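Working notes, structure below.
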């Protein structure tokens, strides 16, 4: 049976009627319709519901969904990320080392860091308001902050093995090693590695740890390490490279690092491992090289990048741009302003009698100035009860002249200059990873007070960032990400978050239905090979 729409004309007017009709075959095997009931007076909504009943006699039809609606949960972002975890092999790795309950709770923490980073305590309520519990065996008693801490401790027991497996997800043996470090600060000082040092977060009064990250040429993490908070950049390099070589059995690769990584011992270690390198020279070393060889960088503006000097086993490539010059000048002037401001503060302290001891005054000035990165450009003195400072004008002018330029030292002599520059620019991937950790995953500040919890928190944040990096690369491959079109990663997750699942109570049974509107369904299929969301299928694919 079905509902048939009929049209009839009478005195130039058209009339519309609706009937419940049954099909049958007459004696000549022709299909005929038997008109059973006139439903013209029914409302359109009633006729739609009637169609559903005719198609499925066991169907229950409700005029008002509020009669059976129970609750709704965020669905799109959770299911999407669970599918990505599966594709990457992350769930398989964690499942190898954790029991089901711990695995479910750890994945919940990673989801929280990506979608809505909060404290572990607040994450419990967040998890309950998502569809995630539908895909796990955890119950309400398990969704407690203490159970999360216990799961983190179990993860920590197997952390080294888990991370070794995780690094292998990057694929084949890496050819390029992109390395950089950053810092993240604490509220509290009970963690052993937390020390006071140069803060990239401008939190000099907080203890911190140093984080070292190595990405391969695909932008995937192949090494991550936590160092004491007072460790200098160059002190981290040798142990990191040795571990990567041992992990992957690398015979040949190119190490790419920034200015802080250069030292005689590091270069010797890189060579002894059989690696090449591309390293940015320190500003002071670059000035000295240009002066010694009487090179004026502005003469090469139209030819950059260009090799300006070759030695037996390496070459020096001059790089730069007008845009970079504007940016560097702005940054350089900010550094000088910070130096002036800092020394004026010390001068005011001396004038007001806050500090009087000569040695303390000079130590204070030196310590505060070093935090501004302006130490090279100022001198100061304390004579006859008066503190004074002055700028090194000649050095400042030389530094200004170098703004917009940088020099790369590399043993890749056969690599074209443009390729040397492009390989070095790939360090931006590590810088982006740091921004993700701090701005999206919200790794800081760290409120854990036990070493094992701090370590586990940081590594979980790294895993979350690696997932974000993978998603960004996939979207870029399909040319979807665009500031012009406002297609940002944030917008992508907002659209996913808008997809909900509803829970309905029908005849004392729980029924789940995913909303049909999915603004990203074509993109998900194109970039990730993920089909439109369907609860029954998603349940099979995503269950933990």
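The values are calculated or read from the model by the stated rules, or taken from the named source; none is laboratory data. Everything numeric in this text was worked out from a predicted model, so none of it was measured. Counting neighbours? That spans all protein chains shown, and the Cβs are built from the backbone with ideal geometry, glycine included.
Summary table below
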| item | result |
| --- | --- |
| In the range 22-34, residue surrounded by the fewest Cβ atoms within 10 Å (Cβ to Cβ) [restricted to those that are within 21 Å of residue 52 (Cβ to Cβ) and modelled with pLDDT of 85 or more] | 23 |
| Filter result (surrounded by 18 or more Cβ atoms within 10 Å (Cβ to Cβ) and more than 16 Å from the chain's Cα centre (by Cα)) within the range 440-465 | 446, 448, 453, 454, 455, 456 |
| Residue, surrounded by the fewest Cβ atoms within 10 Å (Cβ to Cβ), within the range 524-538, restricted to residues that are under 19 Å from residue 502 (Cα atoms) and touching a helix residue (DSSP H, G or I) at 6+ places or on another chain (Cβ under 7 Å) | 532 |
| The lone exception for residue 288 - which of (1) surrounded by fewer than 14 Cβ atoms within 10 Å (Cβ to Cβ); (2) out of contact with any helix residue (DSSP H, G or I) (no Cβ under 9 Å at 6 or more places or on another chain); (3) outside any helix (DSSP H, G or I) it fails | (3) |
| Tally, over the range 232-253, of residues that are part of a helix (DSSP H, G or I), out of contact with any helix residue (DSSP H, G or I) (no Cβ under 8 Å at 6 or more places or on another chain) and in contact (Cβ under 8 Å) with a residue 60 or more places away in the chain | 3 |
| Any hit, the range 311-331, residues being without any contact (Cβ under 8 Å) to a residue 40 or more places away in the chain and buried (at least 17 other Cβ atoms within 10 Å of the Cβ) | no |
| Sole exception among (1) over 16 Å from residue 371 (Cβ atoms); (2) touching a helix residue (DSSP H, G or I) at 6+ places or on another chain (Cβ under 7 Å); (3) modelled with pLDDT under 90 for residue 260, by number | (1) |
| Test: residue in the range 354-366 that is assigned to a strand (DSSP E or B), touching a helix residue (DSSP H, G or I) at 6+ places or on another chain (Cβ under 8 Å) and over 30 Å from residue 177 (Cβ atoms) | no |
| Matching entry among 177, 211 (being closer than 22 Å to residue 273 by Cβ, part of a strand (DSSP E or B), under 23 Å from the mean Cα position of the chain (by Cα) and at pLDDT 90 or above) | 177 |
| Qualifying residue in the range 183-198 (condition: within 20 Å of the chain's Cα centre (by Cα), within 21 Å of residue 427 (Cβ to Cβ) and buried (at least 19 other Cβ atoms within 10 Å of the Cβ)) | yes |
| Residues of the range 422-439 classified as assigned to a helix (DSSP H, G or I) and either without any contact (Cβ under 8 Å) to a residue 12 or more places away in the chain or surrounded by fewer than 19 Cβ atoms within 10 Å (Cβ to Cβ) (or both), total | 8 |
| Unique match (being at pLDDT 90 or above and more than 23 Å from the chain's Cα centre (by Cα)) among 418, 501 | 418 |
| Among (1) touching a strand residue (DSSP E or B) at 6+ places or on another chain (Cβ under 8 Å); (2) at pLDDT 90 or above; (3) surrounded by 19 or more Cβ atoms within 10 Å (Cβ to Cβ), the one test that residue 413 misses | (3) |
| Test: residue 282 is surrounded by fewer than 19 Cβ atoms within 10 Å (Cβ to Cβ) and out of contact with any helix residue (DSSP H, G or I) (no Cβ under 8 Å at 6 or more places or on another chain) | no |
| Qualifying positions in the range 377-413 - farther than 27 Å from residue 296 by Cβ and either out of contact with any helix residue (DSSP H, G or I) (no Cβ under 7 Å at 6 or more places or on another chain) or in a helix (DSSP H, G or I) (or both) | 379, 381, 383, 384, 385, 386, 388, 390 |
| Of all residues in the range 93-128 being out of contact with any helix residue (DSSP H, G or I) (no Cβ under 8 Å at 6 or more places or on another chain) and without any contact (Cβ under 8 Å) to a residue 12 or more places away in the chain, the one that is surrounded by the fewest Cβ atoms within 10 Å (Cβ to Cβ) | 125 |
| Out of 257, 249, sole residue that is closer than 23 Å to residue 173 by Cα and within 22 Å of the chain's Cα centre (by Cα) | 257 |
| Those residues of the range 129-144 which are surrounded by fewer than 15 Cβ atoms within 10 Å (Cβ to Cβ) and either over 25 Å from residue 503 (Cβ atoms) or touching a strand residue (DSSP E or B) at 6+ places or on another chain (Cβ under 8 Å) (or both), in sequence order | 129 |
| The lone exception for residue 117 - which of (1) part of a loop (DSSP other than H, G, I, E, B); (2) modelled with pLDDT of 90 or more; (3) over 21 Å from residue 448 (Cα atoms) it fails | (3) |
| Matching residues, the range 1-14, being under 25 Å from residue 52 (Cα atoms) and in a strand (DSSP E or B) | 2, 3, 4, 5, 6, 7 |
| Leading residue by the ranking (farthest from the chain's Cα centre (by Cα)) among those in the range 214-231 that are assigned to a loop (DSSP other than H, G, I, E, B) and under 18 Å from residue 430 (Cβ atoms) | 231 |
| Positions within the range 126-174 being outside any helix (DSSP H, G or I), at pLDDT 90 or above and farther than 23 Å from residue 79 by Cα, in sequence order | 158, 173, 174 |
